[in-house]
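> Dumping the structure here so I can ask a few things about it.
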Amino acid sequence: MDQDPSSIERKLAHIDLTVEAQISSVLKDKRFNYEPLFGSHPTPGEGPTKKTFLGKTLSAPLWISSMTGGTGPARHINQNLARGAGEFGLGMGLGSCRSLLSSDEFFSDFDLREHLGDQPFYANLGIAQIEQSLLNGSWDKIEKLVSRLKADGLIIHLNPMQEWFQPEGDLLVRSPLETIDQAIHKNSFPLIVKEVGQGMGPKSLEALMGRKLEAIEFGAFGGTNFSRLEQLRQSEDKKGFREMALIGHTAEEMVGFVNNIFNKNDIEINCQQFIISGGIQNALQGHHLMNRCMGNSVYGQAKAMLMAAKGEYSEFREFLSSQLEGLAMAERYLTPSEGKIQ
Ligand SMILES: Cc1cc2nc3c(=O)[nH]c(=O)nc-3n(C[C@H](O)[C@H](O)[C@H](O)COP(=O)(O)O)c2cc1C
């Protein structure tokens, strides 16, 4: 029988590329055991295992983290993000919907429910807006906002560092925890609390895990950093505090904090769902952190989603489908190499 010509080319390439293909043992990824014996390949289009999260079913444990809205290209980006969430069965958080509290000019940037079908979809406001609405008695405006967007609930972003760095930032007049408690007490819709790129320490996480929240999103240190972003927008203001942008907690550290809290016997845990986000570069990193988190978790990305969703929808589709394929492969052939992070 004739030899397949592509196999001849392949064999030649193997010989040519052998030297280039050497990888030093020091580069080995120590996070996983590789077990080639027990799985079959995912078939084309077959993703990872479905996950129950926020009371709904996700086709993959992947979350589109809160970003934009209320400006030129945001509508196109948001529509791509929402279409992707709908098509691939993911969850999505909107970027800050603050402008909608005073004007409907950009309502269509955020009006994305039809693209998502029944997938989890959350509105988003900063802690300062929540504080002000509660103090001036306009909470009903937030209720209307969530209902008009047909959102499942609201994400409150905690960003005291960012607001402080921003010349036009809103300064808080009381602690975020007091505001969150009052918002929980209103019992209007499910609430998620997140940071925006510096993460949270163990005391904040313990306080949040004790409360009746739907989930906590890390917004950890190690990726997009809003204190740094505000510094980049300014020339001189607060330059002397540059080092403040270096404060925070990575997603890996935060998984450790969460696990320590689960291991304490003396506290009541009311929130056990986590969106592990902030500096997550790829599916393998997400898979690793979810493996180790003792709570029910998915992983979230902002910057990586933004880069992929700026152009044509087909590019974003490609980005999502390769992440899902990567996750499916990881599920079949990798197991965690160590125990849970403590
Ligand atoms: C362009 C952009 C806009 C963002 N806007 C918001 C926002 O309005 N509300 C919010 O909660 N987080 C916002 N974030 C923060 C992200 O949700 C996320 O917490 C942070 O970027 C860290 O994730 P990453 O490292 O994957 O980018 C924004 C991020 C980006 C990149």
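> Filter the stretch 99-120 down to residues that are out of contact with any Lys or Arg (no Cβ under 8 Å at 6 or more places or on another chain), buried (at least 21 other Cβ atoms within 10 Å of the Cβ) and not in a helix (DSSP H, G or I), then give me how many there are.
Going through the stretch 99-120 one residue at a time, the tally reaches 1.
> Which count do you get for residues in the stretch 51-85 that are near the ligand (Cβ under 10 Å from one of its atoms) and either at pLDDT 95 or above or not polar (S, T, N, Q) (or both)?
9
> Something else now. Just to verify a result, which residue in the stretch 302-325, among those that are buried (at least 18 other Cβ atoms within 10 Å of the Cβ) and more than 16 Å from the ligand (Cβ to nearest atom), is farthest from Ile64 (Cα to Cα)?
Filtering the stretch 302-325 for residues that are buried (at least 18 other Cβ atoms within 10 Å of the Cβ) and more than 16 Å from the ligand (Cβ to nearest atom), the one farthest from Ile64 (Cα to Cα) comes out as Glu325.
> Evaluate the following for Ala123: is it crowded, with 22+ Cβ neighbours inside 10 Å, without any contact (Cβ under 8 Å) to a residue 60 or more places away in the chain and either part of a loop (DSSP other than H, G, I, E, B) or basic (Lys, Arg) (or both)?
It is false that Ala123 is crowded, with 22+ Cβ neighbours inside 10 Å, without any contact (Cβ under 8 Å) to a residue 60 or more places away in the chain and either part of a loop (DSSP other than H, G, I, E, B) or basic (Lys, Arg) (or both).
> Looking at the stretch 333-342 only, could you name the residues that are surrounded by 16 or more Cβ atoms within 10 Å (Cβ to Cβ) and either within 15 Å of the ligand (Cβ to nearest atom) or closer than 16 Å to Ala283 by Cβ (or both)?
Residues satisfying the conditions are Tyr333, Leu334.
> Can you report the number of residues in the stretch 173-187 which are outside any helix (DSSP H, G or I) and at pLDDT 95 or above? It would help to see each step written out before you state the result.
Taking the stretch 173-187 as the starting set, the residues that turn out to be outside any helix (DSSP H, G or I) are 173-175, 187.
Those left that are additionally at pLDDT 95 or above: 173-175.
Residues flagged as outside any helix (DSSP H, G or I) and at pLDDT 95 or above within the stretch 173-187 amount to 3.
> Follow-up question, since we're still on this one. If you take just the strands (runs of 3 or more DSSP E) that sit entirely in the stretch 1-98, which of them hold at least 1 residues that are of a type in the set (Lys, Arg) and either out of contact with any Asp or Glu (no Cβ under 6 Å at 6 or more places or on another chain) or surrounded by 10 or more Cβ atoms within 10 Å (Cβ to Cβ) (or both)? Show your work before the answer.
On the way: elements: 32-34, 51-53, 56-58, 62-64, 91-93.
Output list reads 51-53, 56-58.
> Determine if the stretch 292-301 includes at least one residue that is without any contact (Cβ under 8 Å) to a residue 12 or more places away in the chain, out of contact with any Lys or Arg (no Cβ under 8 Å at 6 or more places or on another chain) and among the hydroxyl-bearing types (Ser, Thr, Tyr).
Here is the first cut: in the stretch 292-301, the residues without any contact (Cβ under 8 Å) to a residue 12 or more places away in the chain are none.
Looking through the stretch 292-301, none of the residues is without any contact (Cβ under 8 Å) to a residue 12 or more places away in the chain, out of contact with any Lys or Arg (no Cβ under 8 Å at 6 or more places or on another chain) and among the hydroxyl-bearing types (Ser, Thr, Tyr).
> What is the number of the single condition among (1) in contact with a strand residue (DSSP E or B) (Cβ under 8 Å, 6 or more places away or on another chain); (2) closer than 30 Å to Arg174 by Cβ that Ser103 does not meet?
Every condition holds for Ser103 apart from (1).
> As an exercise: evaluate Leu90 against (1) within 15 Å of the ligand (Cβ to nearest atom); (2) within 23 Å of Asn159 (Cα to Cα) and give the number of the one condition it does not meet.
(2)
> Condition test on Lys194, is it farther than 30 Å from Gly222 by Cβ and of a type in the set (D, E, K, R)? Step through it out loud before you land on a result.
Working: farther than 30 Å from Gly222 by Cβ: no; of a type in the set (D, E, K, R): yes.
The answer is no for Lys194.
> Another question, if that's okay. Hey, which of the helices (runs of 4 or more DSSP H) in the stretch 196-298, taking only ones fully inside, have at least 3 residues that are within 12 Å of the ligand (Cβ to nearest atom) and touching a helix residue (DSSP H, G or I) at 6+ places or on another chain (Cβ under 9 Å)?
Details: elements: 202-209, 226-233, 251-263, 283-292.
Filter on the stretch 196-298 gives 226-233.
The values are calculated or read from the model by the stated rules, or taken from the named source; none is laboratory data. Everything quoted here is computed from the prediction, not taken from an experiment. FYI the Cβ positions are ideal-geometry reconstructions off the backbone, even for glycines, and counts take in every protein chain you see.
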